[in-house]
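*Asks:* Handing you a structure now.
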Amino acid sequence: MNKTNEEIKRILESRAFFKILCGIGIAVVALLIFSAGMTVGFYKASFGHAWGENYERNFGFGPDQPLFGANNFPNANGAIGKIIKIELPTLIVQDKDNTEKVILITSDTQIEEMKNPIATSDLKIDDSIVVIGNPNKQGQIEAKFIRIMPLGMPVPHQYRHQLEQIN
């Protein structure tokens, strides 16, 4: 029994065992990263599918143009554009790539004009807005944050960058 314990201790303290453990650890981390990538890709594809399936119900048929941007997926987590229709609790925004997106405003949605909080009733058609949120199964974006931008002011780089990073 004592010899067995010494043999186990010698194996656990060996360099080969340490290298094997490191290899297993690296493999586990690689599998976790791969799994996260698959989950994100599935989430984006699911939104694109739901958005396409609900397009007619949400917007009706649009002009003859691609439904999606250059990478074949709509921006699922936000929008940058102008409000073209208001039917609270939803807004329809014409996004920068000329797609129309349904924005769902919830009780948790923060709405600001520059840095001042405003009420939902202060939103107007033709307001330029930046929306950050999460997609739902109806092809809508549940807004977490909406910022109204002054007329003629370009959308700040940090918002464009955030939306591009999300996608």
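The values are calculated or read from the model by the stated rules, or taken from the named source; none is laboratory data. In this text, all values refer to a predicted model and were calculated from it rather than measured experimentally. Glycine gets a Cβ as well: all are built from the backbone with ideal geometry, and neighbour counts include every protein chain shown. Please note that ligands, DNA and RNA were not included when accessible areas were found on the heavy atoms of the full protein model with its side chains. Shrake-Rupley method; radii C 1.70, N 1.55, O 1.52, S 1.80 Å.
*Asks:* Got a sec? What order do F47, F145, F34, F17 fall in by accessible area at 1.4 Å, biggest, i.e. largest, first?
*Replies:* F34, F17, F145, F47
*Asks:* Using a Förster distance of 22 angstrom, determine the FRET efficiency expected from the C-beta separation of K124 and N54, and round it to 0.05.
*Replies:* Efficiency, from the Cβ-Cβ distance: 0.30.
*Asks:* Would you pull out the residues with amide H under 5 Å of K96's amide H, same chain only if 5 or more places away, H placed 1.01 Å from N?
*Replies:* I80
*Asks:* Mind scanning K85/K115; K44/K85; K44/K124; K124/K144 and naming the pairs with a C-alpha gap bigger than 20 Å?
*Replies:* In this structure, K85/K115; K44/K85; K44/K124 exceed 20 Å between Cα atoms.
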